[in-house]
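Contents: one structure, followed by commentary.
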Amino acid sequence: MKEHKRAPIVRRASAELGAALMDWSRQYDLSSVEYLQCLNAQSASCLKFMLRRERHPDDPDTPADQE
């Protein structure tokens, strides 16, 4: 099986992001719950706008649950 050309790039980016996030978490002395809460909020925001663009490609400012 041949590996996709993007796979090593994504692995490296993931490792670097993980290291940066751990440094950031230590910098702010976040508990595990606080750390995960921050990550969850950012993920939720990204997903919200991705869904809006999917459902309303011509008007991504329209909430996803509206017609």
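Inside region 29-67, can you point out the residues that are among the hydroxyl-bearing types (Ser, Thr, Tyr) and part of a loop (DSSP other than H, G, I, E, B)?
Matches in region 29-67: SER31, THR62.
Any chance you could count how many residues in region 35-48 are more than 30 Å from ASP61 (Cβ to Cβ) and either under 12 Å from the mean Cα position of the chain (by Cα) or not assigned by TED's automatic domain parsing to the domain that holds ASP61 (or both)?
Residues of region 35-48 that are more than 30 Å from ASP61 (Cβ to Cβ), as a first pass: 35.
Then drop every residue that is not either under 12 Å from the mean Cα position of the chain (by Cα) or not assigned by TED's automatic domain parsing to the domain that holds ASP61 (or both), which leaves none.
Final tally of qualifying residues: 0.
Name the pairs: first residue in region 50-67 and at pLDDT 90 or above, second residue surrounded by fewer than 14 Cβ atoms within 10 Å (Cβ to Cβ) and part of a loop (DSSP other than H, G, I, E, B), Cβ to Cβ under 6 Å, at least 6 apart or on different chains?
If the second residue must be surrounded by fewer than 14 Cβ atoms within 10 Å (Cβ to Cβ) and part of a loop (DSSP other than H, G, I, E, B), the pairs left are HIS56/THR62.
The values are calculated or read from the model by the stated rules, or taken from the named source; none is laboratory data. Predicted, not measured: the structure shown is a model, and the values here were computed from it. Note that we place each Cβ from the backbone using ideal geometry, even for glycine, and neighbour counts take in every protein chain shown.
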